[in-house]
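Undergrad: Here you go, one structure.
The values are calculated or read from the model by the stated rules, or taken from the named source; none is laboratory data. On a predicted model such as this, the values are computed, not experimentally measured, just so you know. Please note: Cβ atoms are built from the backbone with ideal geometry, for glycine as well, and neighbour counts cover all protein chains shown. Protein only, heavy atoms only, side chains kept; ligands, DNA and RNA dropped before computing areas. Shrake-Rupley method; radii C 1.70, N 1.55, O 1.52, S 1.80 Å.
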Amino acid sequence: LISDILFPIYVLWMAIALTINNPQQVVQQVGSTGIEFLGGYAMGRAYIRSPQDYLALCRALILVACLLVPFALIETITGTPDIIMFLKSVPGMVTVAIVNYEPRLGLERVQATFAHPIHFGLFCSIIFSQTFVALRGHMSNSTRYLLSAVVSLAGFLALSSGALLSIILQFFFVVVNFYGFYHWLK
């Protein structure tokens, strides 16, 4: 596939750009970012081999996001990440640090099981489009809309402007795609 060629070329381009602009950062940035970038792509290529595999991944991610919502609702009210606290209480278990930020909109920012609330919000924002678009024709519209709303709620609870902007933009792209740009202007 062309993507098998373009992904390594991107890492090479990143190395060239960093060599020219930030030579002191080349080894660290190309090493860490290149491994993350190519590693994620390689994992996807290895495990997503058919449309059914992709749909199974989408369903699994949606399930994870929906299962995190009750914990996220509790965390946004209490400020205590219960899952992380539970994992910390298990002997020999190491997990992410609990972060404390100023509340936004009178709510605590949710990190759920992630290192930072922004990570949780972006995780949910990625799942939003999978719920709304990828499962079209594979489940009823009302179920997709409900699951999209639940995933959006989870993303909102991170109280991250980046995640929220991502969900809003994806929603508008979906609307424009499904209903057409000219219909939207009328």
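Undergrad: Which numbered condition in (1) farther than 21 Å from I77 by Cβ; (2) modelled with pLDDT under 90 is the only one that Y101 fails?
TA: (1)
Undergrad: Which of the residues spanning the stretch 150-166 are crowded, with 23+ Cβ neighbours inside 10 Å, of a type in the set (A, V, I, L, M) and part of a helix (DSSP H, G or I)?
TA: V151, A154, L157, A163
Undergrad: Between residues in the stretch 68-96 that are within 17 Å of G155 (Cα to Cα) and at pLDDT below 90 and residues that are in a helix (DSSP H, G or I) and open to solvent by less than 20 Å² (accessible area, probe 1.4 Å), which pairs lie under 6 Å by C-beta distance while being six or more apart or on different chains?
TA: Qualifying pairs under 6 Å: P81/E75.
Undergrad: Considering each of A134, A158, A163, A154 in turn, give the residue that is farther than 17 Å from L122 by Cα and within 17 Å of the chain's Cα centre (by Cα).
TA: A134
Undergrad: Now for a different question. Does at least one position in the stretch 168-179 carry a residue that is within 30 Å of F86 (Cβ to Cβ) and not acidic (D, E)?
TA: no
Undergrad: Follow-up. Could you grab me the full set of residues in the stretch 18-52 that are of a type in the set (A, V, I, L, M) and open to solvent by less than 40 Å² (accessible area, probe 1.4 Å)?
TA: Answer for the stretch 18-52, where residues must be of a type in the set (A, V, I, L, M) and open to solvent by less than 40 Å² (accessible area, probe 1.4 Å): L18, V26, V30.
Undergrad: Let me ask another. Checking the structure you have, find out if any residue of the stretch 128-148 is of a type in the set (G, A, S), within 22 Å of A60 (Cα to Cα), open to solvent by 40 Å² or more (accessible area, probe 1.4 Å) and not in a loop (DSSP other than H, G, I, E, B).
TA: Checking the stretch 128-148: at least one residue is of a type in the set (G, A, S), within 22 Å of A60 (Cα to Cα), open to solvent by 40 Å² or more (accessible area, probe 1.4 Å) and not in a loop (DSSP other than H, G, I, E, B).
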